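Working notes, structure below.
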Amino acid sequence: MRRAYISPHVELPAAYRLARAWAGSADKITIIGSTTSAIEASPWLGQTGLPIGTTSNRHSRYTAQAREGIVIAWCLELDDVLGLERRSKLSGLVVVRGHESHSPWITAHDAEILAGEPAPRVPEASAAIKAVVDGISLLPVLNQGLVDTRERSMAVQALTYMRNHGHALVPSQLAVEAIRRGWPGTSPIELADLAKQLNAGKRLRYSERLNAASLAKWASS
C-alpha cells in the first residue's frame, strides 16, 4: 500500500491537486473528511467529481465509503487515518495537512512527503521497547487491539515492568512499533496513552498475564 502526505503549509487547492496527481489513474479515488462541515469549508471539493465521505457523521450528505482504491484523507487527525488503514483493500492513502501528530504513522510507514515542510520523524525505539511491543503483539491484539480487558492488562503489565526496570516509555515510539506490527485501528494510540499515564505517575491496575522470564528477556534485549 502506498502512503504519502502533504504539509499544512500548502494551500488546500494546491494540496488537492498534488494528492490527485499522486493518485494517478487509479480506478477508485475517494475523498474522506472528518465531518460535513470540514468538507463544506472547501466547497469546491464538490466540483472535483470524486466521491466524498466522512468518518464521523452518519447523517452526512457525503456518503461515499472508502473500501478500496486510493483515499485522499482530507485534514484528518491521526485516529481517523489509522481507522482508514483497517481497509485492507486500499491501494493508497494520502493525508492532506499531515503534521507532527501524524508522525507515528509517517515514521512507521516511511510515508512520502509530497510538498511543504516534512513532519519530524519519531526517533527509533530501543531494542528492548521493540521487543516488548513485538512480544505482546499476539493474535487477539492483532485482531481487536486493546478492546478486551485481558489484552489491555497485558499491555499495562509489560509497560509497567519496562518502566520499573529503567526503560523510558516514549509514547510516540510505542505507537510507531504498534503500527509497524499491524495493530488495528486506534490501538497504537491507546498503547501510547497507557505509557503517558504511567509516565505521569498513575498506577494502572493489571493482572499477571505475562511470565517473568518473558518480561526479563524483553527488558534485556
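The values are calculated or read from the model by the stated rules, or taken from the named source; none is laboratory data. Everything numeric in this text was worked out from a predicted model, so none of it was measured. Don't worry about glycine lacking a Cβ; one is built from the backbone with ideal geometry, like all the others, and counts go over all protein chains shown.
Matching residues to (1) under 15 Å from A128 (Cα atoms); (2) in a loop (DSSP other than H, G, I, E, B); (3) out of contact with any Leu (no Cβ under 9 Å at 6 or more places or on another chain):
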{"residue": "L146", "(1), (2), (3)": "no, yes, no"}
{"residue": "M162", "(1), (2), (3)": "yes, no, no"}
{"residue": "A175", "(1), (2), (3)": "yes, no, no"}
{"residue": "W183", "(1), (2), (3)": "no, yes, no"}
{"residue": "I189", "(1), (2), (3)": "no, no, no"}
{"residue": "A192", "(1), (2), (3)": "no, no, no"}
{"residue": "K196", "(1), (2), (3)": "no, no, no"}
{"residue": "R209", "(1), (2), (3)": "no, yes, yes"}
{"residue": "S221", "(1), (2), (3)": "yes, yes, yes"}
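On inspection, A125 passes the criterion of being surrounded by 15 or more Cβ atoms within 10 Å (Cβ to Cβ) and within 18 Å of the chain's Cα centre (by Cα).
Could you look through the stretch 136-159, keep only residues that are among the small types (G, A, S) and out of contact with any Pro (no Cβ under 6 Å at 6 or more places or on another chain), and pick out the one that is farthest from N211 (Cα to Cα)? Here the residue is S137.
Of everything in the stretch 81-111 that's assigned to a helix (DSSP H, G or I) and at pLDDT below 95, which residue is farthest from G24 (Cα to Cα)? Taking the candidates together, the pick is G83. No other residue among G69, G53 is touching a residue at least 12 places away in the same chain (Cβ under 8 Å) and within 23 Å of I179 (Cα to Cα) apart from G69. List the pairs whose first member sits in the stretch 14-41 and is without any contact (Cβ under 8 Å) to a residue 40 or more places away in the chain, whose second member is surrounded by 17 or more Cβ atoms within 10 Å (Cβ to Cβ) and part of a helix (DSSP H, G or I), and whose Cβ atoms are under 9 Å apart, counting only residues at least 6 apart or on separate chains? So the pair list comes out as I39/L45; A41/L12. For beta carbons closer than 8 Å, sequence separation of 6+ or different chains, a first residue in the stretch 169-195 that is on the phi > 0 side of the Ramachandran plot and surrounded by fewer than 23 Cβ atoms within 10 Å (Cβ to Cβ) and a second that is assigned to a helix (DSSP H, G or I) and of a type in the set (A, V, I, L, M), the qualifying pairs are G182/L142; G185/L82.
There is at least one residue in the stretch 137-144 that is over 18 Å from the mean Cα position of the chain (by Cα) and assigned to a helix (DSSP H, G or I). Sub-6 Å Cβ pairs linking a first residue in the stretch 91-102 that is surrounded by fewer than 18 Cβ atoms within 10 Å (Cβ to Cβ) to a second residue that is in a helix (DSSP H, G or I), at least 6 apart or interchain, are S101/L78, ordered by first then second residue.
Is the stretch 59-69 home to any residue that is hydrophobic (A, V, I, L, M, F, W, C) and at pLDDT 95 or above? No - not one qualifying residue is present in the stretch 59-69.
Residues are listed down the side, and each one gets a yes or a no for (1) loosely packed, with under 14 Cβ neighbours inside 10 Å; (2) at negative phi; (3) not assigned by TED's automatic domain parsing to the domain that holds A195:
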site: A108; (1), (2), (3): no, yes, yes
site: A111; (1), (2), (3): no, yes, yes
site: P120; (1), (2), (3): yes, yes, yes
site: A131; (1), (2), (3): no, yes, no
